[in-house]
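The values are calculated or read from the model by the stated rules, or taken from the named source; none is laboratory data. Given the structure is predicted, the values throughout are model-derived calculations rather than measurements. Counting neighbours? That spans all protein chains shown, and the Cβs are built from the backbone with ideal geometry, glycine included. Ligands, DNA and RNA are excluded from the accessible area calculation, which covers all protein heavy atoms including side chains. Shrake-Rupley method; radii C 1.70, N 1.55, O 1.52, S 1.80 Å.
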Amino acid sequence: MSTVTTTITEPMPCIGVVLAGGRSSRMGRDKALLHWNGRPLIEHLIAVLQAAGIHEVKVSGERPDYHGVADPLPHMGPIGGIAGVAATCGDGELLIVPVDMPRLQPALLQRLRDAEPGAGSVRFAGHVLPMRLRLDAHCRDTLHAMIASSDERGRSLRVLQERVGVREVALSADEAAQLIDCNTEETWREVSA
């Protein structure tokens with residue numbers, strides 16, 4: 001009689017990340033503090049991540065009221081924010097959302113969280129954010145190299161995704177409408193109307 005042994009691998013912990021460290025230069029005011037349904041956008045996105053089943057949520061950027069994690073170097077954009085949060089976490093999956101995406105719904109984030117297990121990163125077709133990023137030694141090395149690089153063009157989320165491996169999830173038109181980011185007053189007015 002032979003015995004078959006199976007190895008059960010525990011799923012990696014999933015940590016939500018709200019990217020809220022930007023300068024909001026195109027908006028002209030702090031996007032994280034714009035009000036959406038009676039509360040600041042930053043609180044809305046934290047709640048969306050929690051409703052998607054994420055128990056631990058971190059905020060990137062100098063946000064003392066939200067226990068924000070400062071970027072390791074200023075003006076590095078989203079890569080700096082992700083690197084700052086990564087330095088405070090063990091290995092796991094990061095479910096990363098921008099602070100300026102008010103229409104994002106928990107069900108769509110759950111699809112992203114559950115899609116393509118084991119992938120280096122997962123994003124929706126045609127969008128770099130939101131994204132799921134596998135935080136492991138390879139990812140940490142990649143983030144470190146990107147921050148150390150003098151090539152600013154090489155510090156994009158798209159480059160990070162390509163370097164760690166990226167898979168895409170298809171979207172319906174209704175789902176794509178949730179991914180409008182409010183970088184300008186004009187877009188904010190359209191989304192808020």
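Numbers for the structure displayed
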quantity: Top-ranked residue in segment 95-109 [being of a type in the set (A, V, I, L, M, F, W, C) and touching a Lys or Arg at 6+ places or on another chain (Cβ under 7 Å); ranked as nearest to residue 30 (Cα to Cα)]; calculated: 99
quantity: Single match in 54, 42 (criterion: touching a strand residue (DSSP E or B) at 6+ places or on another chain (Cβ under 7 Å) and assigned to a loop (DSSP other than H, G, I, E, B)); calculated: 54
quantity: Number of the exception - residue 133 against (1) crowded, with 22+ Cβ neighbours inside 10 Å; (2) aliphatic (A, V, I, L, M); (3) under 24 Å from residue 36 (Cβ atoms); calculated: (3)
quantity: Criterion violated by residue 30 - all others in (1) exposed (fewer than 14 other Cβ atoms within 10 Å of the Cβ); (2) out of contact with any helix residue (DSSP H, G or I) (no Cβ under 7 Å at 6 or more places or on another chain); (3) not aromatic (Phe, Trp, Tyr) satisfied; calculated: (1)
quantity: Inter-residue pairs, beta-carbon under 7 Å, first within 20 Å of residue 193 (Cβ to Cβ) and in segment 168-181, second open to solvent by 70 Å² or more (accessible area, probe 1.4 Å), 6+ apart; calculated: 177/103; 178/103; 178/105; 180/103
quantity: Qualifying positions in segment 80-100 - in contact (Cβ under 8 Å) with a residue 40 or more places away in the chain, in a loop (DSSP other than H, G, I, E, B) and more than 11 Å from the chain's Cα centre (by Cα); calculated: 89, 90, 91, 100
quantity: 3 or more residues under 22 Å from residue 41 (Cα atoms) and modelled with pLDDT of 95 or more: qualifying helices (runs of 4 or more DSSP H) within segment 104-192; calculated: 106-114
